[in-house]
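Okay, structure first, notes after.
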Amino acid sequence: MLGLKLPTDPRWVDIAEKNIADILIDHAYCEQKAASSCISLIVNHPEKEKLVEALTPIVSEEWAHFRMVLRELKKRNIPLGKPRKDAYVTRLNQLVRKGNHPKEQFLDQLLVNALIEARSCERFRLLSIHIADDELKEFYHDLMASEAGHYVNFVNLAKEYLPEETVKQRLEELLEAEAEIMQTLEVRGDRMH
């Protein structure tokens, strides 16, 4: 369903488990950025009623996830710390077409958000299966379904405003590019992506 072309390197989950404080901190900021990204889409496209209707509850949900991760940090006496640069998201955002192509830019923004949600879903699944901490296993299992739903919402929004064939073709191109990005990134256990 998510269409990812390259699974996460199996070493990631082992490294992540050894750096769970860093993963949780990074995860908190990922949720905050996801909420901000949806707000930006709403603010930049207020005339698109279905987009506003679809993304408004996602903003609330992402912010609720941010608060949930903060609770997990607090339980473990881990301070939030500063946000870190996310090379994965930076590189994906570089794929967004800009300039005098507003429809293409809009499509790419929706699909890049979809890809981030897909990769997050995949990583949450890995954590929910493989880490030893039973509380966090359950925590990540619960969040996994939410991320999958967000992926579907972004793709469906793209199909709402642009021809389905155009969306499918561009999604396929971006999935290929996402796999290349994943292949070239260092396997780090202190980042969610």
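FYI, it's all coordinate maths here, none of it is from the lab. What you are looking at is a predicted structure, and each value in this text was computed from that prediction instead of being measured. Please note: Cβ atoms are built from the backbone with ideal geometry, for glycine as well, and neighbour counts cover all protein chains shown.
Relative intensity of the chain on a log10 scale, I(q)/I(0) at q = 0.12, 0.18 Å⁻¹, equals -0.57, -1.27, per a Debye sum over C-alpha point scatterers of equal strength in the absence of solvent. For region 48-112, trypsin sites (Lys or Arg not before Pro) meeting the loop criterion (DSSP other than H, G, I, E, B) and having at most 16 other Cβ atoms within 10 Å: Arg76, Arg84, Lys85, Arg97, Lys98.
Of the GluC sites (Glu not before Pro) found in region 8-71, those that fall in a DSSP loop while having at most 15 other beta-carbon atoms within 10 Å are Glu47. The loop-placed GluC sites (Glu not before Pro) in region 101-193, going by DSSP, that have at most 16 neighbouring Cβ atoms within 10 Å of their Cβ come out as Glu186. Divided by 2.2 N^0.38 Å, where N counts the residues, the Cα radius of gyration of region 99-193 comes to 1.23. Modelled label positions at Lys85 and Ile15, each set 7 Å beyond Cα in the direction of Cβ, lie 1.7 nm from each other.
The slack between Leu185 and Ala145, meaning 0.36 nm per residue of separation minus the straight C-alpha distance, is 11.8 nm. Gain on full extension, evaluated as 0.36 nm per residue between Asn77 and Asn93 minus their Cα-Cα distance, stands at 2.4 nm.
For the chain, relative contact order (Cα pairs under 8 Å, six or more residues apart, normalised by length) works out to 36 percent.
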